[in-house]
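Everything below concerns the one structure shown next.
Since every read-out is calculated from the coordinates, none of them should be taken as a lab result. Just so we're clear, the structure is a prediction, and the values are computed from it rather than from any experiment. Don't worry about glycine lacking a Cβ; one is built from the backbone with ideal geometry, like all the others, and counts go over all protein chains shown.
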Amino acid sequence: MASVQWHSRARKYEGELQMCRLEVSAVDFSDYHPLKAITVHLHGRKGSTSSSSSSSSSVAPDPLSSMLDGTDPLSLFAAASETPTLPHSISLGRKRREKEEEVGSDFEPWSSKRGEILSRFTTTEKLSINLFMGSDKSKASSPSSAVSEKVRTRLEELDDLEEGSQRELLNLSQQDYVNRIEELNQSLKEAWGSDQKVKALKIVIQCSKLLSDTSVIQFYPSKFVLITDILDTFGGLVYDRIWSMCHILLPSLWHFLKLISSLMWFSESFSADDVNDTAKETCLNWFFKIASIRELVPRLYVEAALLKCNRFLTNSGIQETLQRLTAMIRGIGDPLVAVYTRAYLCRVGMEVAPHLKDSLNKNFFDLLASFRQIHGESVQNQLAQQRVEIPIYLTLYSPAIHWILQCVAYRAPEVLLTEMMDRCKKLGNNALLLNSVMWAFRAEFVAMRATDFIGMIKDCDEAGFPKHLLFASLGRSLSCADPPESERLSILNEAWKVVTKVRSPRDYINCAEIWVEFTCRHFTKREVNTVLADIIKHMTPDRAFEDAYPQLQSVIKKILPHFHDFSVLFSMEKFLPFLDMFQKDSVRVEVCKSIMEVFIKHQQEATRDPVILNALLHICKTMHDSVNALTLDDEKRSLSLLINGFIRMVSFGRDFEQQLSFCVEARATFCNLEPVIIHLIHTVNQLAMETRCVMKGNHSRKTAAFVRACAAYSFITIPSLTSIFSRLNLYLLSGQVALANQCLSQADAFLKAAVSLLPEVPRTISIEGKQRSSEPFLLDFINNFLSTLLVVPDHPEQGVLYLVRGLLNMVQDYTWEDNSDAKIRVYISALPLLAAMSQESYLYTIPKVDSNETLYGGDPKFIAEINKLCETLIAQVLDHLKGLGRDEVRYCVSKCSWTLKGVLLCSFTNICCCFQRAVLNGKKIIFQQNKKNWDISILFKSFHPPALNASSFLLFIIFLMHSCCSNTHFT
């Protein structure tokens, strides 16, 4: 094989840099500016004057176009006629938005309370339900039936409900009961969809009757929620049906044009006068059917569900109906059934007419008047029969009373709260009502009267409703609004006197958790520490804290936002003992994570406070010790980010030795989290560079020993990592840091360790759970490594370029992927390094570190060694190309072209131009040696000539010249 001789071209980097800089020229903005208005010059015919106008000039308007705006008037009428005929369901979303805007987003909707009620009021007792079986009579009449037959048939269908067409299901579990209610809801929709309106009404009546049953009294609030869902569905279906009947196209265009102003848009703002007779007759028919219901409770509920339909009859129908239904509820004997009936009426009233406050107030005042029935004989007998205690029974009223008072108190003046408090005093400060009042009214109103409420709470009878629950309700209001400053301490003392006497740990922590917020907002660490001490005292006996982890977590989350200064937080004696109550691993880790998140978010400056460091180091160690073999990678990353955030905020200023000692301690503490170890290595490297900056590169004996200690830290720590590319990159980075600090032997050790690690690189690595080839990452590392070797001086006891030779030997022996050209790409990448090493002055150097340019001083033997190594690399590239087929050569050229561009572009400009010109002209250049024909035009056939780049030619030029010429000089 013919030899290839290499001679590196001499480079003058400063001159080349000047040549590559862009030419600076002044720009005249007098004629053009991008923000200047564009001027259009209109040149008229010969003899006319040219005019100039701006692009923003307007054209004279057409009077006809401006009047009609280009729209056909008949099209407007047609569009107006089509708008009312849309089904009501299309505009349902718009109407709901209008309703929410009318009520306001500050009003808590019923839907937000529904889930809480269903989960809170449950039972294990067996339930019963009456299911409608249906009959053949309920089928829709044929169109040919007479009207009288229809009426008679529907009356018989209503009576059929009283004649045994229902079946009672007994011994149902709570889930079975819920499923049956859902089946009834679905049956209602199916019956309505199949035009069986009477059957749908029967289902609703049957479900409403269930609300009279209090046999399983603890489940009644949940039953109310399920049944009223069916009532809401029925009310919406009836309203949509009647509303759609209002959209009737008039037979005459004259009548249409006459009434276009009133019927153009039949929206929620309509009046009863706009409703046609057919819709009114249908609406009356529904109310007549409801009036025929014999029992009071189902008749009340069904009519309340259709309350909105009164708008089709009279303008004042809703107001009159609300007053009538409110008075009818007085006839319900059971106080629990009555209060929930009032709650449903208030809910429907708020949806339909929220401005009618009189009916809401009347419902509440009637409730107060009938509240004495709770202690009546019939209720007491019922509770004794079902073995339900008075406190539990009273909690059944809470959802209904809360809702009624929420409706009453919504945007109510402050005077109303005073009236409510006076009425509660007249009733003997009933605890249940007082609790609901504090829940319902605005927190600002309650906070201003906090002392008055405390006095009323003291006078309440604790037998039926515990006082600590009242103080909990008061605490919720005070956590949202501030009481007068002069009363805050007395409020806290009075409340805590009651809270601390609660014997049940569960009741105690539920109340104490609320008052922690008030204490943190208005008092210092002394009071907060006292509260924490009291919580520890109550929750430690019998390990009661194990059943109150959610409440204890809530206490921590309420304390942290008010103590951003962690030196104050950790100086509280009871804070860390409070954390010790979290014995469950998962809960303890969550609490530690919440503390670290607040610290990272609010700690503005680095700290060296020993109190903070010791406490947070303990917290981080707790998070680290929770890691085991089953911990998910995402959880490890989350914990590592928090711990790394803590390490970043630790700074001992100029005391670098103390900083290094902290890193040593942290390495031993967090050894199971690899991202933390990597961060510590980076921290130590940064510490060494900060030392260099402080000394301005002139190390003393002490600082030189310190940076060597930093290098030793990294050299000892890196092998503990499992990720091989993390090790490689850290070896290289640490070597660069050591080299910058004139630690030549340490830098040499890092670089040799990186080279010796290359054979261990696997062919595939796991990235985000997927196996990917490691070649791209390995090539990136080798390129970075080669760029570093330019400034690394040779070891006096080793041979010339021993690190370069060692790297190339490792690359030669590495097992690459099949059909891979990665090794050749490494050889090509080494050529720029060797060419740069042969220059008299290097492109870059490290201050106070003598590179090979100084050590060898351009010695001819050193240059000869470089040229010899380059010739070997080129020979390897040529041997690789010879063993490839034509398609493989083309693929190899396309991949290696960018690598070669920086290597050989300047050396072969003239030759490249000749070959490219030949191909562009369609000429066929043939070289023949060793019975091989090389057709360049065929090889480059797949490349479009304008896109042909010089590097692709250069790779072939090397090979072709080597094949055709016995002696080729590369200069």
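Ranking request for peptides 436-442, 865-871: highest mean number of other beta-carbon atoms within 10 Å first, then the rest in descending order.
By packing density, highest mean first, the sequence is 436-442, 865-871.
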*Tally Lys and Arg at +1 and Asp and Glu at -1 over the other residues with C-beta under 12 Å from the C-beta of Ala754: what net charge comes out?*
0
_Equivalent-ellipsoid semi-axes of segment 349-463, from the Cα gyration tensor, Å, largest first_ = 25, 19, 12
*asked:* Between segment 785-813 and segment 182-206, what is the separation of their alpha carbon centroids in Å?
replied: 87 Å
*Subset of Lys189/Lys280; Lys537/Lys558; Lys537/Lys636; Lys593/Lys770; Lys467/Lys537 violating a 27 Å alpha-carbon distance limit*: Lys537/Lys636; Lys593/Lys770
*Using only Cα positions of segment 576-661, each an equal point scatterer, no hydration layer, compute I(q)/I(0) via Debye at q = 0.11, 0.21 Å⁻¹ and quote the log10 values to two decimals.*
-0.33, -1.04
*Can you pull a Stokes-Einstein diffusion coefficient for segment 484-567 at 10 °C (1.306 mPa s), Rh from Kirkwood over Cα pairs, as a whole number of µm²/s?*
120 µm²/s
_On a 23 Å Cα-Cα criterion, which of the cross-link pairs Lys197/Lys308; Lys113/Lys458; Lys308/Lys357 come out too long?_
Lys113/Lys458
*Order of 687-694, 628-635 by packing, highest average Cβ count within 10 Å first?*
687-694, 628-635
_If packing is taken as the average count of other Cβ atoms within 10 Å, what order do 495-505, 770-780 fall into, highest mean first?_
495-505, 770-780
*q = 0.30 Å⁻¹: log10 I(q)/I(0) that the Debye formula gives for segment 707-765, counting C-alpha atoms only*: -1.26
*Taking the Cα centre of segment 451-516 as the origin and placing charges on Cβ (Lys, Arg +1; Asp, Glu -1), which of Thr451, Ser486, Phe471 is farthest toward the positive end of the dipole?*
Phe471
*Per 5 Å bin, what is the whole-percent P(r) computed from every C-alpha pair distance within segment 401-538?*
2, 10, 21, 24, 19, 14, 6, 3, 0
*Note down the net charge around Asn698, summing +1 for each Lys or Arg and -1 for each Asp or Glu among other residues with Cβ under 11 Å from its Cβ.*
+3
